[in-house]
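Inspection log for the structure reproduced underneath, given as structure tokens.
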Amino acid sequence: MADDKRGREEQARDEDRRQREREVLAALERADETEPPVDERDLGEFESELDTLAFPVTGAEVVDAVGDQTVESVEGTYTVSELVAETDQETFDAPDTVRMRVQRPTIAAAMKRVVEAVETVPNTDLGKSQREAYEKTLRELKAIDADDDDEGVAAISDWIVERIHDEGKIPGSRAVRRQAAKFCRSNGYEVRNDEWLGV
């Protein structure tokens with residue numbers, strides 16, 4: 001681009017367009033949020049101790065290093081050890097992945113129980129895509145069931161853990177979605193067929 005008035009105006013338009021695109025992407029990401037994130041300013045000491053770890057790290061290493069640190073959310077105070085499974089099967093590539101986990105404490109606590117239950121089944125692990133599907137189902141329940149003390153999140157995480165203990169295998173993500181939809185419908189929440197839970 002030429003360094004003249006026309007070139008500078010074109011660069012300014014491009015920068016303005018990129019900024020609008022970033023704002024739209026940020027808004028889309030926030031639209032998926034069902035639990036207000038923990039304010040990053042409240043993660044001060046946790047952040048500084050987390051930065052001392054050499055990533056990638058396991059969940060056990062995170063709990064060992066920062067497990068006693070507390071995280072304040074709108075729903076209460078949690079320790080990191082209540083939100084991250086103390087296991088070698090779960091790994092974190094960067095501090096941001098740990099940070100994102102603890103910023104959604106309701107979902108993190110539910111998934112911790114699931115991960116710990118999976119660990120009791122020999123030769124089994126929770127794959128990334130299955131974990132993401134479980135988390136998405138729990139987020140959808142959190143959004144639907146926002147006024148009822150996260151009853152849906154607790155019910156479905158209990159159901160997953162019971163299936164793992166009773167059957168010795170991990171329920172498929174579709175089965176989890178079906179159970180979540182069944183819970184919603186039996187409690188008077190509408191689930192449309194075009195939604196994530198509408199399987």
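Given their separation in residues at 0.36 nm each and the Cα-Cα distance between them, Asp16 and Val74 gain 17.4 nm when the chain is fully extended.
Applying a DSSP loop filter and a limit of 15 other Cβ atoms within 10 Å to the trypsin sites (Lys or Arg not before Pro) in the range 94-199 leaves Lys169, Arg192. Available extension along the chain between Ser48 and Glu195 is 49.0 nm, counting 0.36 nm per residue and deducting the alpha carbon span. Across the alpha-carbon atoms of the range 63-140, the computed radius of gyration and Dmax are 12.3, 38 angstrom.
Dipole of the range 105-199 computed with +1 at Lys/Arg Cβ and -1 at Asp/Glu Cβ about the Cα centre; of Ile164, Asn123, Val176, farthest Cα towards the positive end is Asn123. Note on the range 105-199: Cα convex hull, mean projected area over all directions, 5.7 nm².
No lab work stands behind these numbers, since they all come straight from the coordinates. The structure presented is a predicted model; accordingly, all values stated were derived computationally and were not measured. Positions of Cβ are generated from backbone atoms using ideal geometry, with glycine treated the same way; all protein chains shown enter the neighbour counts.
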